[in-house]
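**Q** Below is the structure I would like to discuss, written out as structure tokens.
The values are calculated or read from the model by the stated rules, or taken from the named source; none is laboratory data. Everything quoted here is computed from the prediction, not taken from an experiment. All Cβ positions, even for glycine, are placed from backbone atoms using ideal geometry, and neighbour counts span all protein chains on display.
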Amino acid sequence: MPIELAELFNWRALTEALNLIVPPESFVFDTIFSNVETHASDTIDIDILVGNKRLAPFVSPVEGGIVISKLGGQLRTIKTPRLRMKLPLTANDLLLERAPGGNLYVTGGGNVTDARNRRIALEQQNLKDRITRRTEFMACKALSGGITVTQENISFNVDFLLPDDNNPVLSGSDKWDQAGSNPVEDIRAWKRLINQKTGLNADIAICGSKAVDAFLNNTVVKEILWNRRIDAGNIAITNSNFLGVLAGIQLYEYSAMYDDDSGTPQYLIPENTFVLISRQGRFVTHYGAILDLESPVMGQYFSKMWLEEDPSVYWLLAESRPLPTVHQPEAIVYATVV
């Protein structure tokens, strides 16, 4: 590798650069799973806690301590999902071809080095964006109770033990787009359910677009909003629109999409879904260690480049091993409302 590239684009510099790149918006990850823990192994132990509401026992001044049961739940050992991508950068890409959004330049007259560096930075942003979108996808799936990892040569499921009564499916006249429904009553009942099971207070709801439409058009909701003059809030120009506060819960519409393996657009949060969450619960994104012979990395991202002599091409690689984890599934109600 030429000395200039060896200094500027060694794995340490590239990994630091990848960590500094500003990722695209990741509302669910940033809002729910932003607590990050990195690990020195690619395999981690996660504890999923359920039903921990027992009171401390009283004892007399002359008695010893009373033996109590351990925390309820399960401890699971999981190999963190591996996101590792690489792309080729040919001599034509780096020396002659204009990068998307870049200015035209000529090898003999323009600053080829700057143009090459910008192209590498642009492609590294592309790799970071793909990792970020996949992490957001996993965070949304985690709220539904589990993550399924499916690849050509690997398939496994991480089950976060979401109880059945925390995963209601409304039917008939109870659906929010039906005249006899009462979304406000449902939300208050689900809020009580979370509090009864965990002692925590639900404070945020993430709603699919059809769930939002049904909620705002519901007769009961319209009457409450009118009578109480509840502020609907400011609508942000993002994929996570703030709708307002109702019964102490911040309501957000979330309409972000991704392209599945066939190229078909899909919603990250299904359109007919209402997700009620207590952010006081334990939600963590665990990052497994990245094992590479250049250097093992205990962190969120890793990146490196190397030269292939014939054909002449640089390879740019990025890796991450995230696992958004729901440690307290009873702090979520994941409801199908339409």
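Rundown of residues vs (1) over 14 Å from L276 (Cα atoms); (2) in a loop (DSSP other than H, G, I, E, B); (3) not assigned by TED's automatic domain parsing to the domain that holds R84, yes/no style:
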site	(1), (2), (3)
S173	yes, no, yes
D177	yes, yes, yes
G180	yes, yes, yes
I187	no, no, yes
R192	no, no, yes
Q196	yes, no, yes
A214	yes, no, yes
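**Q** Go through (1) of a type in the set (G, A, S); (2) crowded, with 21+ Cβ neighbours inside 10 Å; (3) under 17 Å from the mean Cα position of the chain (by Cα) and name the single condition S181 misses.
**A** For S181, the exception is condition (3).
**Q** Of all residues in the range 266-323, which are hydroxyl-bearing (S, T, Y) and surrounded by fewer than 17 Cβ atoms within 10 Å (Cβ to Cβ)?
**A** Passing the criteria: S295, S312.
**Q** Which residue pairs have Cβ atoms closer than 7 Å, lie 6 or more positions apart in sequence or on different chains, and pair a first residue in the range 174-200 that is over 15 Å from F215 (Cα atoms) with a second residue that is surrounded by fewer than 16 Cβ atoms within 10 Å (Cβ to Cβ) and among the small types (G, A, S)?
**A** Correct list of pairs: K191/A247.
**Q** Something else about it: Please go through the range 298-338 and pick out each residue that is assigned to a loop (DSSP other than H, G, I, E, B) and under 27 Å from the mean Cα position of the chain (by Cα).
**A** M298, G299, Q300, Y301, R321, H327, Q328, V337, V338
**Q** Also, I was wondering about something else. Just checking, which of I154, I147 is surrounded by fewer than 16 Cβ atoms within 10 Å (Cβ to Cβ), in the same structural domain as R84 (by TED's automatic domain parsing), at pLDDT below 95 and aliphatic (A, V, I, L, M)?
**A** Just a single option satisfies the conditions, and that option is I154.
**Q** Evaluate the following for G208: is it of a type in the set (G, A, S) and at pLDDT below 95?
**A** Here the answer is no, as G208 does not meet what is asked.
**Q** Right, here's the next one. Tell me, please, whether a residue that is under 20 Å from T336 (Cα atoms) and in contact (Cβ under 8 Å) with a residue 60 or more places away in the chain can be found in the range 278-297.
**A** For the range 278-297, residues under 20 Å from T336 (Cα atoms) and in contact (Cβ under 8 Å) with a residue 60 or more places away in the chain: present.
**Q** Moving on. Assuming S41 fulfils every condition listed in (1) closer than 20 Å to L127 by Cα; (2) among the small types (G, A, S); (3) modelled with pLDDT of 80 or more apart from one, which condition is it?
**A** Failing condition for S41: (1).
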